[in-house]
């Protein structure tokens, strides 16, 4: 059986005296697709940034984060090799995190920087193999025709698909997606969630996706971890989260978790076609 992708023990985090996470412990097995559900201020984004080593946890005894069996941080102290651990982890953010003035394909090839020498990062001259990976990744998400456009010219949904392409080029084993559909229209949201589910199903990538609306969890994530005020209040099958149970967990915040579109999901279409002509490195 696959081992754990994520192991978290007794995690605490505060900002300026305000508690963001309070004793969070959880485990996500390799190959799972898990929704991290919660209203605003529940601690979802903070947890994901701690998992990726972008924040330090509070220095508490027994506080540990491990990814694929390797320590990210322990007792609020980062592991010395945390950068090599991050090579297996792709972060996808609500704000897309693309360089607007660069072509989409160059943004996507940034996923390969962890295995390239520094001079390639500086000059942005990537070997043909990495260029091919980038075009195939763009093809897989259906925006290969946008490859040479500036990233700023893409719609929000297209930019998020470019971010997913970058994770493909990175060859990440774990994707941490922080509210990836929060700023998208319903159709784009559906397509982005379909793509994340496709990577999980077809490539075995472990996906943890924080969500503000519960319908996406029902449509795509067999398991949900629900946070409230920095604590895990539910961890189990998504199908067991009835409306009454959600109201009991979130009270007056329940209205934040629903949208009128409902909980319907669809299968991702397969995308084919020839690769565009490559430019020499």
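Within the stretch 197-215, can one find any residue that is touching a residue at least 24 places away in the same chain (Cβ under 8 Å) and at positive phi?
yes
Residue 180 passes all but one of (1) part of a helix (DSSP H, G or I); (2) surrounded by 18 or more Cβ atoms within 10 Å (Cβ to Cβ); which number fails?
So the condition that residue 180 fails would be (1).
Restricting attention to the stretch 46-61, report how many residues are modelled with pLDDT under 95 and either farther than 18 Å from residue 71 by Cβ or touching a strand residue (DSSP E or B) at 6+ places or on another chain (Cβ under 6 Å) (or both).
Count: 3.
Looking at the stretch 93-108, can you tell me whether even one residue there is surrounded by 15 or more Cβ atoms within 10 Å (Cβ to Cβ), in contact with a strand residue (DSSP E or B) (Cβ under 9 Å, 6 or more places away or on another chain), closer than 24 Å to residue 3 by Cβ and touching a residue at least 12 places away in the same chain (Cβ under 8 Å)?
no
Here's the yes/no breakdown for (1) crowded, with 18+ Cβ neighbours inside 10 Å; (2) within 15 Å of residue 174 (Cα to Cα); (3) assigned by TED's automatic domain parsing to the domain that holds residue 257:
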{"residue": "29", "(1), (2), (3)": "no, yes, yes"}
{"residue": "35", "(1), (2), (3)": "yes, yes, yes"}
{"residue": "38", "(1), (2), (3)": "yes, no, yes"}
{"residue": "41", "(1), (2), (3)": "no, no, yes"}
{"residue": "47", "(1), (2), (3)": "yes, yes, yes"}
{"residue": "50", "(1), (2), (3)": "yes, yes, yes"}
{"residue": "57", "(1), (2), (3)": "yes, no, yes"}
{"residue": "62", "(1), (2), (3)": "no, no, yes"}
{"residue": "73", "(1), (2), (3)": "yes, no, yes"}
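With respect to residue 145, is the statement that it is assigned to a helix (DSSP H, G or I) and in contact with a helix residue (DSSP H, G or I) (Cβ under 7 Å, 6 or more places away or on another chain) true? Quick ask: steps written out before the conclusion?
Numbers: assigned to a helix (DSSP H, G or I): yes; in contact with a helix residue (DSSP H, G or I) (Cβ under 7 Å, 6 or more places away or on another chain): no.
It is false that residue 145 is assigned to a helix (DSSP H, G or I) and in contact with a helix residue (DSSP H, G or I) (Cβ under 7 Å, 6 or more places away or on another chain).
Out of everything in the stretch 211-225 that is modelled with pLDDT of 95 or more and touching a strand residue (DSSP E or B) at 6+ places or on another chain (Cβ under 6 Å), what residue ends up being surrounded by the most Cβ atoms within 10 Å (Cβ to Cβ)?
Among those residues, the one meeting the criterion is 221.
Among the numbered criteria (1) under 22 Å from the mean Cα position of the chain (by Cα); (2) in a helix (DSSP H, G or I), which single criterion is violated by residue 248?
(1)
The values are calculated or read from the model by the stated rules, or taken from the named source; none is laboratory data. Model, not experiment: these values are computed from the prediction. A quick note on method: Cβ atoms are made from the backbone with ideal geometry, for glycine too, and the neighbour counts reach across all protein chains shown.
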